[in-house]
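The values are calculated or read from the model by the stated rules, or taken from the named source; none is laboratory data. Computed from a predicted model, the values in this text were never measured in an experiment. Backbone-built Cβ (ideal geometry, glycine too); neighbour counts: all protein chains shown.
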Amino acid sequence: MRLLLVEDDPNLSRSLAAQLEQAGYSVEKSTDGREGLYYAREYPVDLAIVDLGLPSMSGVELIKQLRADGKEYPILVLTARDRWQDKVEALKLGADDYVVKPFNVEELLARVDALLRRAGGWAQSELVCGPITLDTRTQEVKVNAAKLELTSFEYKLLEYLMLHAGEVLSKTQITEALYSEDFERDSNVIEVFIGRLRRKLDPENSYKPIETLRGRGYRLAAERGAPDSD
Amino acid sequence: MALVRSLRARVVLWVSVALVVLFAATGVVLDVAFRNSLDEARRELLKVQVLGLIGAVDDAGGQLSVPTGNLDPQLQVANSGTYGALYTDDGGAVWQSLSLLGRDFPIDYLAVAGDERFERLDVPGFPPLEAFLKGLTWEFSSGRATDVTFAIALSLEPYNERQAAFRRILIGWFLGITLTMLVVLSGLLTFVLLPLKRLERQVREVEAGERVKLTGRYPSEIIGLADNLNTLIDTERRRLSRYRNTLDDLAHSLKTPLAAMRTLLAEQRTKAAEPAQDALNRELERMDQRVSYQLRRARATGASGLGTEPVAVAPIVDDLKQTLDKVYRDKRVRCSVEVAPNAVFRGDPGDLTEVLGNLMDNGYKYCKARVRVTAHSTPERLVITVGDDGRGITADEAATLFQRGKRADESVPGQGIGLAVVRETVDLYRGTLDVGRSELGGAELRVELARAGLL
């Protein structure tokens, strides 16, 4: 998952980005509104975290522009102003949630997680596709109620596939979502990890959870077990 | 005249005083002049009467007599108010008029020959009189001469009556003129004071939030006042917004470092440093609570709403409902809104949003699944209730609930300062905040807000 963090305080930005990366997201940082808008327009982003009090272009203006551009990914607002008029305005303009500074990092991670889940069409923190169950909160994966041990990267890959269950995802998309910008891209890596994931999820090769669409990418084929009614 | 508050009363009072003084002086002058002219006329008449009497005297045969045929008929009519007598120097009355009805002429001394004088008489049996006495030496054709006195007295009564009648007319006219002038003045004042009335009405409307500024053309004497009031309203508004911007900047510059500190602390957690980090976190949280509380408190202005329209409650509730529905999406709260279309708040929209936001957030936070928001207006107050189906608030909790920074349930994350801010804001609007039981089963918070005062 690729996040855009637009925050002008260097300490906060660096530390928050580090913790988001630790939680498995790839993070683009930007310290002012214009730069943020540029990133948001030029790079594929799954979620943006925007501080409202930004230099050169206010967060509110940034959100307005993004929505006007037709960007639909979730936007989480960071704000030092905890008055309701600001919250209402930010959400009216197209933000999806807000966190008031100084926030608890764990709470922010939970909000980010929930927003991404919802953007994928999932209402609960537990994602179910056929026999596979993935709990985004505990990061536990079960197949037919049996717990599965995954590496951190495998987990992120599966989570990404499950959040977009039913959609075709190109290798580039997956790479960009899972790695930061400076990572040297090698599409073979994704192939290798998809292969590993297939073996772990379906050792008997019975239900083929991940389809390969030649030249187009991959798709998690197992049917969603808990479709969102949102 | 500090006691007389109304301009109209002041003008009427002082004009009345001026008119009374003016008319009293004029009345006295006219009265005296009229009396003088009456006196003059009466004395002329007395002189003419005496001359007539002299002309009527017959001295045939060395005897003075007054043949009645030549006399003024007034002297012949009983009690006519005109009396006459003729004395010789031996003191005897040669003749007294018939009008005396046999009484003596009320004066018996003689005028010195060649002398004449007027005399006021107040004699029992007679009305007040003025007499004219003329002494002269009568020469008979025989050459003999004797000193005689001719006397005529006229009753003052008809003159006094004319004087009184004159006074009555005078007073009548003056009263009439005074009343007419006051009526005309009153009408004139209404016309003249019209712009002031309009100014007053507009100020009241501005105060009530029905008007944004004073408009229309004002006369040159008060246009300065109207302009100054507009400037004041505008300044007040801008001052408020500058004040709030300052608070926003302050919030940003205080809270971003706090956020950075907390984030940095969370980043480098090691087993050994954990107790210290937890302690630091608690301190940071306390700092944040205090900063938040003070900033939000400072932001609640209880602004008069001077120069602002009345704030409709319904759109604010709808906005907040949408916001909270988004924020509490996973909880799937069913929030029913019953806001009367006429529900308006006369005050600062930010304050109302703050009160409603905190109350509704509280409801969403503590409910199981349902929240109910109602609002309606009376001419004097706005009544808001927010109820939920949560576990409710006990009396003990209610007592501590509104203390700063206290949370009814520490386990639900959020800012416990919300309701404290609500209470502070409600206080600023001379309102009330009560805790009760909602028909949904949980707590119901009820807020009543009075309309804000001027300035």
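Numerical summary
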quantity	calculated
Condition met for A:V60 (within 20 Å of B:R244 (Cα to Cα) and either out of contact with any strand residue (DSSP E or B) (no Cβ under 8 Å at 6 or more places or on another chain) or more than 9 Å from every other protein chain (Cβ to nearest Cβ) (or both))	yes
Any chance B:R329 is farther than 23 Å from B:G387 by Cα, basic (K, R) and facing chain A (nearest Cβ under 10 Å)	no
B:A165, sole failed condition from (1) modelled with pLDDT under 90; (2) surrounded by fewer than 16 Cβ atoms within 10 Å (Cβ to Cβ); (3) not aromatic (F, W, Y)	(1)
Matching residues, the stretch B:355-396, being more than 14 Å from chain A (Cβ to nearest Cβ) and among the polar types (S, T, N, Q)	B:T374, B:S377, B:T378, B:T385, B:T394
Some residue of the stretch B:219-229 being over 22 Å from B:A312 (Cα atoms), under 25 Å from the mean Cα position of the chain (by Cα), outside any helix (DSSP H, G or I) and hydroxyl-bearing (S, T, Y)	no
Selected residue [away from chain A (no Cβ under 14 Å) and within 54 Å of the chain's Cα centre (by Cα)] from B:A273, B:A340	B:A340
Within the stretch A:1-22, tally of residues that are of a type in the set (A, V, I, L, M, F, W, C) and within 11 Å of chain B (Cβ to nearest Cβ)	5
Test: A:Q65 is polar (S, T, N, Q), part of a helix (DSSP H, G or I) and within 11 Å of chain B (Cβ to nearest Cβ)	no
First in the stretch B:364-389 and assigned by TED's automatic domain parsing to the domain that holds B:K326, second anywhere and aromatic (F, W, Y) and in a loop (DSSP other than H, G, I, E, B), Cβ under 7 Å, 6 or more apart	B:Y364/B:Y328
Residues satisfying the stated conditions in the stretch B:271-282, i.e. more than 19 Å from A:L16 (Cβ to Cβ) and either in a loop (DSSP other than H, G, I, E, B) or at pLDDT 85 or above (or both)	B:K271, B:A272, B:A273, B:P275, B:A276, B:D278, B:A279, B:R282
Condition met for A:A95 (within 13 Å of B:K326 (Cα to Cα) and over 15 Å from the mean Cα position of the chain (by Cα))	yes
All positions within the stretch A:68-88 that are within 17 Å of A:A119 (Cα to Cα) and away from chain B (no Cβ under 14 Å)	A:G70, A:K71, A:E72, A:Y73
Only listed residue being of a type in the set (D, E, K, R), under 44 Å from the mean Cα position of the chain (by Cα), outside any loop (DSSP other than H, G, I, E, B) and facing chain A (nearest Cβ under 8 Å), chosen from B:R296, B:R244, B:R239	B:R296
From B:G69, B:G84, B:G62, B:G91, residue being farther than 30 Å from B:L193 by Cβ and surrounded by 13 or more Cβ atoms within 10 Å (Cβ to Cβ)	B:G84
A:P55, sole failed condition from (1) more than 14 Å from every other protein chain (Cβ to nearest Cβ); (2) farther than 28 Å from B:L324 by Cβ; (3) touching a Gly at 6+ places or on another chain (Cβ under 8 Å)	(1)
Conditions (1) over 21 Å from the mean Cα position of the chain (by Cα); (2) surrounded by 23 or more Cβ atoms within 10 Å (Cβ to Cβ); number of the one not met by A:V50	(1)
Single residue of the stretch A:30-47 satisfying the filter (closer than 21 Å to A:Y160 by Cα and crowded, with 19+ Cβ neighbours inside 10 Å) that is nearest to the other protein chains (Cβ to nearest Cβ)	A:L47
For B:A2: the one exception among (1) modelled with pLDDT under 95; (2) outside any loop (DSSP other than H, G, I, E, B)	(2)
Leading residue by the ranking (nearest to the other protein chains (Cβ to nearest Cβ)) among those in the stretch A:89-104 that are part of a helix (DSSP H, G or I) and surrounded by fewer than 22 Cβ atoms within 10 Å (Cβ to Cβ)	A:K92
Hits in the stretch B:117-152 - residues which are surrounded by fewer than 16 Cβ atoms within 10 Å (Cβ to Cβ), free of Cβ contacts under 8 Å to residues at least 60 places away in the same chain and either in contact with a helix residue (DSSP H, G or I) (Cβ under 8 Å, 6 or more places away or on another chain) or not assigned by TED's automatic domain parsing to the domain that holds B:G62 (or both)	B:P128
Scan of the stretch A:105-148 for residues that are surrounded by fewer than 21 Cβ atoms within 10 Å (Cβ to Cβ), of a type in the set (A, V, I, L, M, F, W, C), under 30 Å from A:L52 (Cβ atoms) and at pLDDT below 85, ordered by number	A:A119, A:A123
Output for the stretch B:40-63, where each listed residue is in a helix (DSSP H, G or I) and free of Cβ contacts under 8 Å to residues at least 24 places away in the same chain	B:E40, B:A41, B:E44, B:V48, B:L51, B:G52, B:G55, B:A56, B:A60, B:G61
Number of the condition not met by A:L37 [criteria: (1) assigned to a helix (DSSP H, G or I); (2) under 21 Å from A:L178 (Cβ atoms)]	(2)
Hey, A:A40 at pLDDT 85 or above, closer than 24 Å to B:L264 by Cβ and not acidic (D, E) or not	no
